[in-house]
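Worksheet for the structure shown next.
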Amino acid sequence: MSSVGIIGSGLGGLAAAATLAARGHKVTVLEKNDWLGGKAAELNEEGFRFDMGPTILTMPRVLERVFSEAGRDMADYLDLRRLDPQWRCFYDDGTVLDLKGDKGAAARAIGALSPEDAAGFERFMAVANRLSDVSDRFFFWRSVEDLRDTMNLKQNMSLATLSDVMALRMHRTVAGQIKKDIRDPRVVQMLEHFIQYVGSSPLASPAVLCGIAQMQMGEGVWYPIGGTRAVPTALTRLGEELGVDYRTGVDVSSIEVENGRAMAVIADGERMVFDKVVSNMDSVRTYRELIGGKAWRDFGHAKREAACSGVVLYLGLDRAYDHLAHHNFVFSRDPKEEFRAIYDEGRPAPDPTAYIAAPARTEAGVAPEGGEALYVLVHTPHLRPGHDWSKMLPEYRRTILDKLGRAAGMGDIEERIVFERTLTPQDIHDRYKVLDGAIYGLVSHGRMNGAFKPGNRSRQVRDLYLAGGSAHPGPGMPMALMSGWIAADSLHQDATSNVAAE
Ligand SMILES: Cc1cc2nc3c(=O)[nH]c(=O)nc-3n(C[C@H](O)[C@H](O)[C@H](O)COP(=O)(O)OP(=O)(O)OC[C@H]3O[C@@H](n4cnc5c(N)ncnc54)[C@H](O)[C@@H]3O)c2cc1C
C-alpha cells in the first residue's frame, strides 16, 4: 500500500483521508490552519455558536458511503435531523412561501400561490429527477473531466444512451428549463436558487444542474446536532480510528515533481516524501502555486473562473425572531439585476438575496435562552481588482440589514444584536487559500461544459489527485465529500493495478 500526503483538511481532504486509511494506505493530512475541516469551521463565543461556512446539508448518503468504507455506521458518529420546511422564502411583496420537504406538499403550497404552477412544479421535478439519475449513472463516483469521460459514445451508442444524452438538454440553461414549466416569478426565483449551491448564475449554467433540485427534494435537508461542524469532527474521529496522522499549522508551499510524477511536498522548508499526493487546495492554485512549469501551463490553458464569494454576518440576538424557519431566503427585488451585478458586472447586488440560518429552531443550545444565533449570508462577486472589503463592508452591512427589515419583518434587528462578527470575500480568500475568495470553487457557466471541473486524477502529473469543491464533481458539502472519495478511489485503483500505475 502507498504512503499518501493530503494537502488540506477540508471536507474533500477528510473524506479522502478516511477512505484511503480504510483501504489500508498510510495517510498524513497537512493543514495550514489550526483546525481541521476547512470552511466547515465554527465560531463559538459569548454563549453563541455559529457554523461559519456551510449550514445546509443535503445527500447524507455520500457521507454514509465514506463511513461504510470502514464498515462503520454513520449513526454512531452523527445525529442527523431532517428539516421541514426545507426553506422559508420571503419576497419583497410580502409573500411568504415554504418549500416543504415532501414533493406533494411542496406542489400544494406552490399551487396555493399560483394554481397553474402546482402541475408545473411536478413537471419540473420529473425533469430534475431524470437529470439527477443521469448524473448518478454517468457523472458521480468516478473521476470525470469532460464529456469523453462520462459516456463512451462510440462504444455504447444505443437508443438508451442517446436518450440519456438528450435528457441532458445541452442547449438549455437552468433558467431556460425552469421557465418552460413555471409561470409565477416568485416560484421561478425560488427554484432558480438551487443553483446558488454551486455559486453560479441560473442564466448561464447548464440545465443538467436542475438535478440539484431532486437531490434536495428527493433526499431531504438535514441538520447534524452540533451544527455542520459535527461533520468534520465525525470524519476526523473516523480517520483517527483508522490511523490517519493529522498535522495542523503546516502550510505546503510546493509539490516536488520529477519525471512527471509527484514525489514529495515542501512545507516550511521541510521535505516530506510520499508515494502519492492528494491536493485538497483549490485546483487552480495547486497547479499555479505548488507546481508551476509545464503542468501549470497545460492545466491553465483552459480558462477557469471562480464561482461567487459572499459576506456573512454572525449575529447574536437577545430576542429570537419566531417567524423564521431553520433555513430562510429573503429574496432580491429583481433576480436578473442581482445575477447581472454579481456574475457579469462584478459588483455586489444593490438589492441582494439574503440567506438566513436560525439553527435555534432545531437546537436550542446555539444561543442563550430566548436568544438567536443568526447567520446571514449574501452572495457577492468573487474578488476583482479594486475590491477592498475593509472599506466596502460597512456600507454593505447596512444594505443587508435594511433588506431584512424591509422584506422579512426584522426592522428592529439592530436593537436585538448583542454580538456580531463578519466574514468577507477577502477573509474567505485568506483563511482557505481559495481562488479569488470563491465560496464554491469554479463557476459552472457554459451550456456544454459548465458542469465539468478538473478531474480527480491529474492528467498533468502522475501520482497527483485532486479533492475538494474546485475539482470534480464540484462544490457544496456532498460534492466536496464525494470528490474526496473519488480521489481516494482513483488513487487506490492506481496503487493496486500495475497496469494503471506504470
Ligand atoms: C460561507 C459559506 C457558506 C456555505 N454554505 C454551504 C451550504 O449551506 N451547503 C453546502 O453544501 N455547502 C456550502 N458551502 C460550500 C462548502 O462549505 C464547500 O464546498 C466545502 O466545505 C469545501 O470543501 P473542500 O474540500 O473544497 O475544502 P475547503 O473547505 O476549501 O478546505 C481546504 C483546506 O485546505 C487548506 N489548505 C489550502 N491550501 C493549503 C496548503 N498549501 N497547505 C496546507 N493546507 C492548505 C485550507 O486551509 C483549508 O482548510 C459554503 C461555504 C461557505 C464559505
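We did not get these values from a lab; they are worked out from the coordinates using the rules stated. Being a predicted model, the structure only gives us computed values, none of them experimental. We place every Cβ from the backbone using ideal geometry, glycine too, and count neighbours over all the protein chains shown.
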| task | Round to the nearest 0.05 the FRET efficiency obtained for residue 137 and residue 344 when R0 = 45 Å and r is the Cβ-Cβ distance. | result | 0.85
| message | Through the Karplus equation 6.51 cos²θ - 1.76 cosθ + 1.60, θ set to phi - 60°, convert the phi angles of the stretch 306-313 into ³J(HN,Hα) values in whole Hz; use x for Gly and Pro. | response | 5, 6, 6, 10, x, 10, 10, 9
| field | Cα pair distances exceeding 29 angstrom across the chain, given as percent | value | 49
| remark: If the chain between residue 81 and residue 245 were fully extended at 0.36 nm per residue, the gain over the current Cα-Cα distance would be 56.0 nm
| Taking neighbour counts of Cβ atoms within 10 Å as a proxy for exposure, in what order, fewest first, do 141, 485, 222 appear? | 141, 222, 485
| field | Residues listed by number, the stretch 70-99, amide nitrogen under 11 Å from residue 323 label point at 7 Å toward C-beta | value | 90-91, 94-96
| remark: Counting only residues 5 or more apart in sequence or on a different chain, those whose built amide H sits under 5 Å from that of residue 57 are 222
| message | Using alpha carbons only, how many angstrom separate the centre of the stretch 164-226 from the centre of the stretch 14-70? | response | 26
| task | Kindly put 174, 221 in sequence by how many other C-beta atoms sit within 10 Å of each C-beta, fewest to most. | result | 221, 174
| field | Amide H contacts under 5 Å for residue 144, placed H, 5+ residues apart | value | 456
| message | Only bridges whose two residues both fall in the chain count here: according to DSSP, what percent of them are antiparallel, nearest 5? | response | 70
| query | So between residue 297 and residue 108, what do we pick up on full extension, going 0.36 nm a residue minus the alpha carbon distance? | reply | 62.7 nm
| residue 448/residue 414 FRET efficiency (R0 51 Å; Cβ-Cβ; nearest 0.05) | 0.60
| query | Whole number please: convex hull volume per residue of the Cα set in the stretch 103-221, in Å³? | reply | 114
| field | Ranking of 103, 32 by count of other Cβ atoms within 10 Å, fewest first | value | 103, 32
| note | Which residues qualify? For residue 380, with a placed amide H closer than 5 Å and at least 5 residues away or on another chain, they are 309, 310, 311
